[in-house]
Every structure is written in C-alpha cells, then in structure tokens.
Amino acid sequence: MRKIAKYLIFTFAVSWLLMIFGVHDYENAGTGGMMTFSYAISASMFIPTIGAFIAGANFRELGWKPKFGKGARFLLVAWLAPTAFELVGAVVYYIAFPDDFETAGNFLRDIDCDTYIECQESGGSYTWYVMREIFTSFTSFFVLPSAVMGLGEEIGWRGFLFPELRERFGRTKSVLLGGAIHGAWHFPLMLLMGYEYGRHYIGAPVLGLFAFSVFCITTGTISNWLYEETHCIWLCGLFHGAINSTFNPCMTRGCEHLERSIFGPMNIGLVAGIPLMIAAFLILYFQNKRDEADFEGLGE
C-alpha cells in the first residue's frame, strides 16, 4: 500500500495546487488568466505520470508496443466508442426530456456568436453544422494531441494504479475504487468553477461530484478492459483523448432548464450516461465470468 499512498499523495497534492492556481487566474486575470488556466490544467494531466514514476512504476512493462492484427478491433473501440456513447447518450436524454431538444442554434449563438454568424452566412443549416461537428470530433487532427494529453493521465490511472489496486482488492472493487479516485481528482475544478455541470444544476454541488465519479468509474471500466485485453497503454490514451475531443451534444439543447445539466445531454450526466453504465456493467460481468471459468478449468 505504500506505493499507492505515495502515488496518491503526490498526484493529488500537485494536481490540486495547479488546478487551484489555474482557477484563481482564470477568474481574476482576464485573457491572460484564461491562458494560465489552460496551461495549468494541461500540466496537471501529466502529474499522474510523474506520480507513477515517483511511486516506482515499471515503465518498461506498461505496454508501449502498438497492437495490430487482432488488436485492431480494440483500436476502433478506443477511437470511435466515445463519439458513439455521446451520441446514444444524447438520444436517451432527449427521449427523457424532449422539450430540451432544438436545432435552432441557440446554444451556439449564446456561446460562440462568431461561429454562429459564420454558420448562417455559409448557407448551411444548423442541422448540417451539428452533423459536421459529430464527424470531425473523431476525424480531426485534434484527436492525436488530445490522446497524448490523455496518455499523461492514463499512465498513472491505468498503467500504475489499477494493477496495484487489482492485486490487493480484485477487479470489481478496484474498478469502483479507482474510478472514484479518478473522479475525486477533478473535484477542485468542479467546486471552484463549476467544471462540467455549471453551478446551478439540481443537487449542486454534491450530486455533481457523485455523477462525475460514476462517469469516471464507467469510462475507467472500459479503459481497464482495453488495457487488460491488449496491454497497450496507447489505447487507453487514445480512448481518454477521444472522450475529451468528442462533440458536445449541448449544441442541440435549448436554453431553458439548464439546471438539468446533471442529467445530460453530455454523457457525464446521470441520464445520458446510462448507455455507458450498461456497457461498463456488461464488460465487468463478462470479465468476471471468464475469470470464474478459467479458475474452474484450472481445478479440473
């Protein structure tokens, strides 16, 4: 447990200091503060890697060799699944809250007026703009640098922490505990600046902390599965990066009922996240069933 404690103390202490510093400048230093915030958050994403190094992780065994052949299907999952889950989750949310759905472009007009004007002047419909954003979310070059940033976290969470926890607690408890830890790592941003859900959602701020922890548990389950199946840390980085760079389904949300952000339409919400929760449960269930079958086979 000493290695885990060393990793967590360093990773949380340094990352939280960076986050607090970034949020302070973001709220008090204008444009320059926004840049400082961006740099601070980007730097914090590499702290889990440094923490893993300090804790004594064996970097040679993390799985740096790309997997081809049979591993190609896992590459597709890591690359495309985040956009698919975001899309399906948004559908689930709008089925639950149909009055929130609109394609009039009010979200874009309120958030980025210049892009809205450009969209209008180009003659394309707002529906076409949304479709283009969905497509480019997994085809643009931005996925690659986002994957590198994601790798900075995944070396710590997946490459070091999850195997250490699994050795002591087994897979299921490790998935739950590791995901909760990963979620808690984001808490300063959520509490200080309303990261992800804003400040005025239903159940704020406690329900947001819970919901995002659930999201980290579900995505962590999938990322752990990718890592166990391929032992390739790059796929975990790609999956993390694809999550961060996928489209924002709030583009089709009306401007009323913003307090429902805790439910969706992004799949960090408790309703929009249902497809992710189902997928994570099924993965964990079949992994454990396979382990049971292998154990019984050894006993025969």
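The values are calculated or read from the model by the stated rules, or taken from the named source; none is laboratory data. Everything numeric in this text was worked out from a predicted model, so none of it was measured. No Cβ is skipped: glycine too gets one built from the backbone with ideal geometry, and neighbour counts run over all protein chains shown.
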**OP:** Would you check if there is a residue in region 40-52 being modelled with pLDDT under 90, part of a helix (DSSP H, G or I) and surrounded by 11 or more Cβ atoms within 10 Å (Cβ to Cβ)?
**Re:** no
**OP:** Test Ile274 against the criterion of being within 24 Å of Phe138 (Cα to Cα), modelled with pLDDT of 95 or more, of a type outside the set (S, T, N, Q) and more than 14 Å from the chain's Cα centre (by Cα), and give yes or no.
**Re:** yes
Original post:
Restricting the first residue to region 120-132 and requiring it to be under 19 Å from Gly254 (Cβ atoms), which pairs with a second residue that is modelled with pLDDT under 80 and assigned to a loop (DSSP other than H, G, I, E, B) meet a Cβ separation below 6 Å and a spacing of at least six or different chains?
Top reply: Tyr126/Thr103; Tyr126/Gly105; Thr127/Thr103
**OP:** Could you please find all residues in region 187-226 being of a type in the set (Ser, Thr, Tyr) and surrounded by fewer than 24 Cβ atoms within 10 Å (Cβ to Cβ)?
**Re:** Tyr195, Tyr201, Ser213
**OP:** Would you please list the contacts, defined by Cβ atoms under 6 Å and residues six or more apart or on different chains, that run from a residue in region 196-214 that is closer than 21 Å to Pro249 by Cα and among the polar types (S, T, N, Q) to a residue that is in a helix (DSSP H, G or I) and at pLDDT 95 or above?
**Re:** Ser213/Ala180; Ser213/Gly183
Subject >> Glu167 under 26 Å from Ile54 (Cβ atoms), more than 14 Å from the chain's Cα centre (by Cα) and modelled with pLDDT under 95 >> reply: yes
**OP:** Could you please find all residues in region 221-266 being within 21 Å of Phe97 (Cβ to Cβ) and aromatic (Phe, Trp, Tyr)?
**Re:** Phe247, Phe263
Original post:
Which is more than 25 Å from Ser261 (Cα to Cα), surrounded by fewer than 15 Cβ atoms within 10 Å (Cβ to Cβ) and modelled with pLDDT of 95 or more, of Ala72, Ala29, Ala5?
Top reply: Ala5
